[in-house]
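Right, one structure below, let's go through it.
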């Protein structure tokens, strides 16, 4: 329609009308482009808000799992300290050799401290978040987590030595009744029932006590693991700072 009108004005040499038509076309194209850009920006902002909400949830899950792991490592350290006290003494395990073995098994536990990062990595591939404060806070938290992953990546020698001396039937029972995974962290049951005759537990304790390297490697392992809960608590603090930055950005993008 506009083209026919322009051609008609050209034929009649109505140049003022041609100029007006030209301006109308240019303004229309400009408005169309601006509307397209506005819709694109609005869509990008909405996607960022959605992904920031998912990032917040990812960080919150990380905090929850880390709190659970703190409890797990505290259990490991406590069981290790009781085991060291027993190995350092001349006491007999008496009628409770299974409890001694259970402590020694709990003390051999190890688990990764890695936290989920899928959402943040996806955002970074898309050039998000646009907030440098959010990027810096989450990156610092992940860097801290990388340090703990590296620090705890070596499986303790004690784990191998003590498990080599615990009968397979006891280990099978342990995994079925004395150990659970809940929401990304490990739970160790202190009062799970004895799976064998008391004499079998006694023989296993004696075999462990006869190996001097077990006490030495347990000392090394527990000396390392006792500091892990406080390290993980510092990591939680950094995660909470990152969550606060995400909350501020979500508020800004409303």
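Ranking of 106, 173 by neighbouring Cβ atoms within 10 Å, starting from the fewest: 173, 106.
Each of 149, 214, 70, 181 was scored by other Cβ atoms within 10 Å of its Cβ. Listed from fewest to most, they are 181, 149, 70, 214.
A Cα-only calculation for segment 142-217 places Rg and Dmax at 15.7, 49 Å.
The distance between label points at residue 183 and residue 88 comes to 3.6 nm (points 7 Å beyond Cα on the Cα→Cβ vector).
Each of 161, 187 was scored by other Cβ atoms within 10 Å of its Cβ. Listed from fewest to most, they are 187, 161.
Bin width 5 Å, alpha-carbon pairs only: give the P(r) of segment 47-252 as whole percents, running from 0 to the bin holding the largest distance. For segment 47-252, the pair-distance distribution reads 1, 7, 15, 16, 14, 11, 9, 8, 7, 5, 4, 2, 1, 0. Working from the Cα coordinates of segment 200-254, the gyration tensor eigenvalues give, after taking √(5λ), semi-axes of 49, 12, 5 Å in decreasing order. Projected label points at residue 224 and residue 247, each 7 Å from Cα along the beta carbon direction, are separated by 3.7 nanometres. In terms of the mean number of neighbouring beta-carbon atoms within 10 Å, the peptides 239-249, 83-93 order highest first as 239-249, 83-93.
Read-outs throughout are calculated quantities, based only on the coordinates presented, and are distinct from any laboratory measurement. These numbers come from a predicted model, not from an experiment. Every residue, glycine as well, gets a Cβ built from its backbone with ideal geometry; the counts of neighbours run over all protein chains shown.
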